[in-house]
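The block underneath contains the structure these notes are about, expressed in structure tokens.
The values are calculated or read from the model by the stated rules, or taken from the named source; none is laboratory data. Since the structure is predicted, the reported quantities are computational estimates derived from the model, not experimental observations. Here the Cβ positions follow ideal geometry from the backbone for every residue, glycine too, while neighbour counts run over all protein chains shown. Only protein heavy atoms, including side chains, enter the accessible area calculation; ligands, DNA and RNA are left aside. Shrake-Rupley method; radii C 1.70, N 1.55, O 1.52, S 1.80 Å.
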Amino acid sequence: MSAPVTRRPRLGFLGVGWIGRHRMQALVKEAQVDVIGVADPSEAAAEAARALAPGCERVDSLDALLALSPDGVVIATPSAVHAEQSIQALERGVAVFCQKPLGRTAHEVRRVVEAARRSDVLLGVDFSYRYAEGLRRLRAHHQSGALGHVHAVNLVFHNAYGPDKPWFYDASLAGGGCVMDLGIHLVDLALWVLDFPAVRRVSSQRFAQGRPLRGREEGVEDYAAALLELEGGTAVQLACSWKLSAGCDAVIEASFYGTEGGVSFRNVNGSFYDFTADAFRGTGRERLADPPDGWGGRAAVDWATRLARGERFTPENEQLIQVAETLDRLYA
């Protein structure tokens, strides 16, 4: 097992398409890291990534990347291989920062978390919305007690488009459709804001081009609606979709309503990146956060900062299993 990192972390990047390069750019610009290698089957993508980190080596596999002895790897590959690639790195004592989903099922996620625990190395997942300023202020507002008892949560993520990679539409590769792609963020942020209460009951409906789906094997969903009952009776309504005629690029909202007030995080003018956060009390409104806010790479930067401090496995990784178990129940 590698020794604790007490210097600039040496990182390898597995998968450097758009999201992988975006995370690399954030890490190079905002964290004290050295990029030592990239691996991607696309020569164009690999060379674009190397332009962000001149001098880093291009290799052809995760094995070759691990042979460079990195302190950590950033994984941005198709969902079907996230779990196995993460486990392979963790078992070598290498820290992992992986795109969501960490696994297609709770079983896969649990295996990754157990590998991180056994090796006692840092594991991070790119639940990027946790790092948006508006959501952080929303969570702090709730934790101050200003909402009283939260009894209702409304979550929405409608995307007027759909993924541009064919594997997203293969349930065996992606693990699911818009729920796995977008709904996972909604489930995570709701549980995160509320400090991960137990999920008591789940009911859901999924559709593919208007046709109801009964199981994952029938295909990937492009629309889903769900109701979750949390410990304490909190009702969570969730809706997410691909290619929905919503009149704009995206509709994104996370609203929490309690006995003393409410709070809401919403995108601005259909943007995927610009958000406001507001607190409500009766008919009154207080603005908590406004754009602009460059939040996209903050999860990766936080992981790298923790790696540089020598941090290792944290019990908070158990939360990843709870999110995955909730998604399994949405698909059941």
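Some observations on this one:
One line per residue, one yes/no per condition, for (1) crowded, with 23+ Cβ neighbours inside 10 Å; (2) in contact with a Ser or Thr (Cβ under 8 Å, 6 or more places away or on another chain):
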position: P9; (1), (2): yes, no
position: L14; (1), (2): yes, yes
position: A53; (1), (2): no, no
position: L90; (1), (2): yes, yes
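- Selection within region 226-253 - surrounded by fewer than 19 Cβ atoms within 10 Å (Cβ to Cβ), small (G, A, S) and within 24 Å of L194 (Cα to Cα): G232, G233, A235
- Some residue of region 236-254 being hydroxyl-bearing (S, T, Y) and without any contact (Cβ under 8 Å) to a residue 60 or more places away in the chain: no
- Failed condition for V5, given (1) modelled with pLDDT under 95; (2) on the phi > 0 side of the Ramachandran plot: (2)
- Subset of region 140-167 (residues that are under 17 Å from the mean Cα position of the chain (by Cα) and either under 24 Å from E229 (Cβ atoms) or surrounded by 18 or more Cβ atoms within 10 Å (Cβ to Cβ) (or both)): L155, V156, F157, H158, N159
- Among the residues making up region 188-218, a single one is buried (at least 19 other Cβ atoms within 10 Å of the Cβ) and without any contact (Cβ under 8 Å) to a residue 12 or more places away in the chain: L213.
- Members of region 121-151 that are in a loop (DSSP other than H, G, I, E, B) and out of contact with any strand residue (DSSP E or B) (no Cβ under 8 Å at 6 or more places or on another chain): F127, S144, G145
The rows are residues; the columns are (1) closer than 27 Å to G175 by Cβ; (2) over 17 Å from the mean Cα position of the chain (by Cα); (3) of a type in the set (A, V, I, L, M, F, W, C); (4) assigned to a helix (DSSP H, G or I).
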| residue | (1), (2), (3), (4) |
| --- | --- |
| Q25 | no, yes, no, yes |
| V38 | yes, yes, yes, no |
| P54 | no, yes, no, no |
| L68 | no, yes, yes, no |
| V96 | yes, no, yes, no |
| E108 | yes, no, no, yes |
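- In the condition set (1) open to solvent by 40 Å² or more (accessible area, probe 1.4 Å); (2) of a type outside the set (D, E); (3) outside the structural domain of R21 (by the TED database); (4) over 25 Å from G175 (Cβ atoms), F272 is compliant with all but (4).
- Subset of region 92-130 that is in contact with a Lys or Arg (Cβ under 8 Å, 6 or more places away or on another chain) and of a type in the set (A, V, I, L, M) - its residue that is surrounded by the fewest Cβ atoms within 10 Å (Cβ to Cβ): V121
- Scoring R306 on the criteria (1) in contact (Cβ under 8 Å) with a residue 40 or more places away in the chain; (2) touching a helix residue (DSSP H, G or I) at 6+ places or on another chain (Cβ under 9 Å); (3) among the charged types (D, E, K, R) leaves a single failure, condition (2).
- Yes/no for G134 being surrounded by fewer than 18 Cβ atoms within 10 Å (Cβ to Cβ) and either touching a residue at least 24 places away in the same chain (Cβ under 8 Å) or in the same structural domain as I184 (by the TED database) (or both): no
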